[in-house]
1. Please give the contour-minus-distance gain from residue 181 to residue 56: 0.36 nm per residue of separation, less the Cα-Cα distance, rounded to one decimal in nm.
2. So what's the chain giving for Cα Rg divided by 2.2 N^0.38 Å, two decimals?
3. Which residues among the stretch 39-70 fall inside the zone where the amide N is under 13 Å from a point 7 Å beyond the Cα of residue 125, along Cα→Cβ?
4. In the Gaussian network model of the chain, springs joining C-alpha atoms below 10 Å, which of 167, 191, 60 carries the largest mean-square fluctuation?
5. Once the Cα atoms of the stretch 51-198 are picked out, what are the Rg and Dmax in Å?
6. Determine how many Å³ per residue the convex hull of the Cα atoms of the stretch 186-334 encloses.
7. Please arrange 15, 114 by how many other C-beta atoms lie within 10 Å of their C-beta, fewest to most.
8. So if I take the centroid of the Cα atoms in the stretch 36-102 and the same for the stretch 222-271, what is the distance between those two points in Å?
């Protein structure tokens, strides 16, 4: 058994309680509990709850630009660990800084950073900020990322390819499932609020048509967009309600910009896992996840007419929706699920001698 310190923004005990209540899709964040059956013993360092300690922690984190509590509270566990695994990049920065400075026990313990936004941050940052980001993560033994073309960004800032791995991202396919007893009575559903969403293009595509679009997102994601009567804006919803919406949707639309990381991938894959017909912007990253007209329909970035045509075609062709939804579900069952993702990473860690 490889004792593994898990650095995450989530309190694992609280997460476990939420899982038992059906509020989150897996026993641990991102389904990392799958590593437990692969020879990894996972434990977290816990988090402060006393108000003064929380206030001091938040002040230090804000000043440094990354959290430090997990790395500091995890020192005793790290001394007995064979691996430190950080979810996501900011959670691993303190451990990487300590490792770079050769401070025990981090100096000898392998560190893996499972990153999401890091490549895009490196791509868009000023030279000074980019150098700071590289210093914060450079000591990691392995940095994973969610799209193959991000490897060039990391290599361009001096991180050796041997310390990079484009992991096959996956979602909780046993939580996000089709439900044949639920009527698919939502025509077009769009969900999500990360920085890469392109709701303006999607709204313009349905404007003046007989299509109906439901958008589930924070109000600030729609700020400045004039919503026509056939677009219904909803606020954020609970995870169980989100799953119910996916099961009711005929088409899930994921309009995005072309960023370094696969923005929109979680919603697109969770919709696919739920058996929806998925339409996504065909960015470089999203093409790692879907094949056009096989398990999704890919639309050009910012292509209003393209979106309008695709959405009309899908609305009018239930057989095509059913075919795409079935193929999308199989795509997740076979490849883009959390079990596959963590199994793949475990094999890479062993093959490269990290553990």
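Since every read-out is calculated from the coordinates, none of them should be taken as a lab result. Since the structure is predicted, the reported quantities are computational estimates derived from the model, not experimental observations. Neighbour counts are summed over all protein chains in view; Cβ atoms, including those assigned to glycine, are modelled from backbone coordinates with ideal geometry.
1. 40.0 nm
2. Normalised Cα radius of gyration, the chain: 1.03.
3. Once the point is set 7 Å along Cα→Cβ of residue 125, 65-66 turn out to lie under 13 Å by backbone N, inside the stretch 39-70.
4. Maximum among the listed residues: 60.
5. 18.6, 58
6. Value for the stretch 186-334: 96 Å³ per residue.
7. In order of increasing Cβ crowding within 10 Å: 15, 114.
8. Using only Cα atoms, the two centres lie 32 Å from each other.
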